[in-house]
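Each remark here refers to the structure printed beneath this line.
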Amino acid sequence: MNACGKAKRWAQALRLLNSMPALRILPDAASYNTVINACQRGGQWQVALSLASSMLELRVRPNEITYNSWISACAKGGQWTTALFLLGEMVDLRVTPDLISFNSAINACEKSGEWQAAVGLLLSSMPGQSIVADQISCNAAISACSKGGQWQLALSLLGKMPDMRLKANLISCSAAISACEKGGQWQLSLSLLQLMPEIQILPNEISYNAAISSCEKDAQWQLALALLCLMPDMAIAPGQISYNAAISACAQGGQWQLALSLLSRMHALSVTPDVISYNAAISASEKDGLWHVSLGLLGEMLEVTLVPDVISYNA
């Protein structure tokens, strides 16, 4: 069963578990944990939880490993309410939650953008259980705040990390930049990006993309282009998302020539444009009343086997 679990073959592991009673071998907690973990790895949270009834029948008591696997399975399946229920049940049944339990629960909340629950676990529940948070705990909570549009709280958590004797890393800073981007705080996004090398953290493509996107939302096309041009100097190759954000920034700023130039550069650098790239370029042309250019781009989409969507035609 352990071999099946490591190979994510949850169905085979489950069959082996179910065959044990017929062979007069009673499964123990370790047996169930192996299969539940296999289900967790295979993204089968419903199957993982269904084993609770079988354990009850055979009077096999779940332990912290069992619960951690259940909570992790729920996190992967986006089932944050069930994850929190299981965490609470651990306390009720005197199964001591550990750092893995809480990190998995915070991760479940992060995936659904449930920032209140994530922050509550980090700042209240974990200290209440004498569990010391780590980078993973804080990063997941910052990301949850980002997804929930809570940029002030994301920055506050980032600022609390030194007090918690934790060092911010690439994930922490990128999540905070993304939070500022979603909140329309382009100045703060750029400040964080600039701060990263000063604290020995090298930005990556995700960091730059979030900063460029924040410039796009406020039509700061000059800054967006400056960041795009800076990426190769930092040994970071701009990708599709980078170019799309820069083209959108040019569109917002009424710079249709630059938008088309960026689209052409994507082709030249073998960065494949997608529907978003073309829609942004069409939007830039449309704002300047260049309907013939927009129609040309629409035709070009069909030539490169991209299917225009409602936004393409509306523009």
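Side notes on the structure shown:
- Extreme residue, modelled with the highest pLDDT, among residues of segment 267-282 that are buried (at least 22 other Cβ atoms within 10 Å of the Cβ) and not in a loop (DSSP other than H, G, I, E, B): Ser277
- Out of Ala251, Ala268, Ala219, Ala235, sole residue that is in contact (Cβ under 8 Å) with a residue 24 or more places away in the chain and out of contact with any Gly (no Cβ under 7 Å at 6 or more places or on another chain): Ala251
- Condition check for Asn204: under 24 Å from Ser112 (Cβ atoms), of a type outside the set (Gly, Ala, Ser) and surrounded by fewer than 20 Cβ atoms within 10 Å (Cβ to Cβ): no
- Among all residues of segment 29-38, there is at least one that is at pLDDT 85 or above, closer than 18 Å to Gly78 by Cα and not β-branched (Val, Ile, Thr).
- Criterion applied to Ser156, Ser130, Ser146, Ser124 was being of a type in the set (S, T, N, Q) and in contact with a helix residue (DSSP H, G or I) (Cβ under 8 Å, 6 or more places away or on another chain), and the one residue passing it is Ser146.
- Pairs, first more than 19 Å from Ser213 (Cβ to Cβ) in segment 188-202, second hydrophobic (A, V, I, L, M, F, W, C) and assigned to a helix (DSSP H, G or I), C-beta under 9 Å, six or more apart: Ile199/Cys173; Ile201/Leu170; Ile201/Cys173; Ile201/Leu195; Leu202/Leu170; Leu202/Met196
- Top-ranked residue in segment 110-136 [being assigned to a helix (DSSP H, G or I) and either at positive phi or charged (D, E, K, R) (or both); ranked as modelled with the lowest pLDDT]: Lys111
- Qualifying residue in segment 176-199 (condition: at pLDDT 95 or above, part of a loop (DSSP other than H, G, I, E, B) and within 18 Å of Ile136 (Cα to Cα)): no
- Filtered residue count, segment 151-191, keeping only those that are touching a Cys at 6+ places or on another chain (Cβ under 6 Å) and within 19 Å of Ile236 (Cβ to Cβ): 1
- Where helices (runs of 4 or more DSSP H) sit wholly within segment 16-81, those with at least 3 residues that are surrounded by fewer than 18 Cβ atoms within 10 Å (Cβ to Cβ) and free of Cβ contacts under 8 Å to residues at least 12 places away in the same chain occupy 45-57.
- The residue of segment 149-164 that is surrounded by the fewest Cβ atoms within 10 Å (Cβ to Cβ), among those that are part of a loop (DSSP other than H, G, I, E, B) and at pLDDT 95 or above, is Met161.
- Residues of segment 96-106 that turn out to be at pLDDT 95 or above and outside any helix (DSSP H, G or I), as a count: 2
- Some residue of segment 137-148 being part of a helix (DSSP H, G or I) and more than 18 Å from Ala168 (Cβ to Cβ): yes
- Where Phe85 falls short, out of the listed (1) surrounded by fewer than 22 Cβ atoms within 10 Å (Cβ to Cβ); (2) under 17 Å from Asn37 (Cβ atoms); (3) of a type in the set (Phe, Trp, Tyr): (2)
- Only one entry in Ala245, Ala219 is in a helix (DSSP H, G or I) and either surrounded by 15 or more Cβ atoms within 10 Å (Cβ to Cβ) or at pLDDT 95 or above (or both), namely Ala245.
- Tyr208 meets the stated requirement of being part of a helix (DSSP H, G or I), of a type in the set (Phe, Trp, Tyr), under 27 Å from the mean Cα position of the chain (by Cα) and closer than 30 Å to Leu170 by Cβ.
- Applying the set (1) part of a helix (DSSP H, G or I); (2) at pLDDT 95 or above; (3) within 24 Å of the chain's Cα centre (by Cα) to Leu262 leaves exactly one unmet item: (3).
- Condition met for Gly254 (surrounded by fewer than 18 Cβ atoms within 10 Å (Cβ to Cβ) and on the phi > 0 side of the Ramachandran plot): yes
- The single condition among (1) polar (S, T, N, Q); (2) in a loop (DSSP other than H, G, I, E, B); (3) crowded, with 18+ Cβ neighbours inside 10 Å that Ser172 does not satisfy is (2).
The values are calculated or read from the model by the stated rules, or taken from the named source; none is laboratory data. Nothing here was measured: the structure is a model prediction, and the numbers come from that model. Please note: Cβ atoms are built from the backbone with ideal geometry, for glycine as well, and neighbour counts cover all protein chains shown.
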